[in-house]
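Bear in mind that the values in this text are calculations on the coordinates, not laboratory data. Please read these numbers as outputs of a predicted model, since none were measured by experiment. Reconstructed Cβ throughout: ideal geometry from the backbone, glycine too, with neighbour counts over all protein chains shown.
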Amino acid sequence: MNFDLTTIYNDIPDFKNHDEASSWFKNRFGDQFVLKNYDTIEGEKVYYYHVIKNEEVYHEYMESLASPEHTDITSPEPFESYSTVEITEDGGISLTI
């Protein structure tokens with residue numbers, strides 16, 4: 001899945017909360033939008049999602065991370081297979097490549 005991060009960022013509306021923001025991304029990206037983790041930073045919950053751009057490379061990379069065997073990453077391709085979306089409880093958004 002190819003997409004222009006700038007275009008997506010410019011299309012993002014103002015959200016009132018995490019649920020509203022995550023629903024917008026889920027509607028836009030479907031199964032390519034997956035929750036990976038969450039954390040609490042300065043008392044506010046932050047959710048970390050991946051938008052998968054290249055499923056085959058992404059899943060291979062995730063499997064290698066879960067494997068007890070050491071895997072050398074010799075290409076930037078695994079890191080280019082997804083983008084990270086951070087969503088705060090109050091609907092704040094941060095996108096990374």
Fill in: Listed residues Tyr58, Tyr47, Gly92: farthest to the positive end of the dipole of the chain (Cβ charges)
Gly92
Practice prompt. Enumerate the aspartates and glutamates that Lys53 could reach by cross-link, defined here as Cα to Cα under 15 Å, with residues fewer than 8 away along the same chain left out.
Written response: Asp4, Asp31, Glu77, Glu80
Response to the item:
About its Cα centre, the chain carries a charge dipole, from +1 on Lys and Arg Cβ atoms and -1 on Asp and Glu Cβ atoms, whose size in debye to the nearest 20 is 240 debye
Worksheet entry | GluC sites (Glu not before Pro) restricted to the stretch 23-89 and DSSP loop, no more than 14 other C-beta within 10 Å | Glu42, Glu69
Worksheet entry | Distance between the stretch 80-97 and the stretch 1-75 - C-alpha centres, whole angstrom | 7 Å
Discussion item. Loop-only chymotrypsin sites (Phe, Trp or Tyr not before Pro) in the stretch 51-97, please: DSSP not H, G, I, E or B, and at most 11 other Cβ atoms within 10 Å.
Written reply: none
Worksheet, complete the sentence: For the chain, averaging the sequence separation of alpha carbon pairs under 8 Å that lie six or more residues apart and dividing by its residue count, the contact order in percent is 33 percent
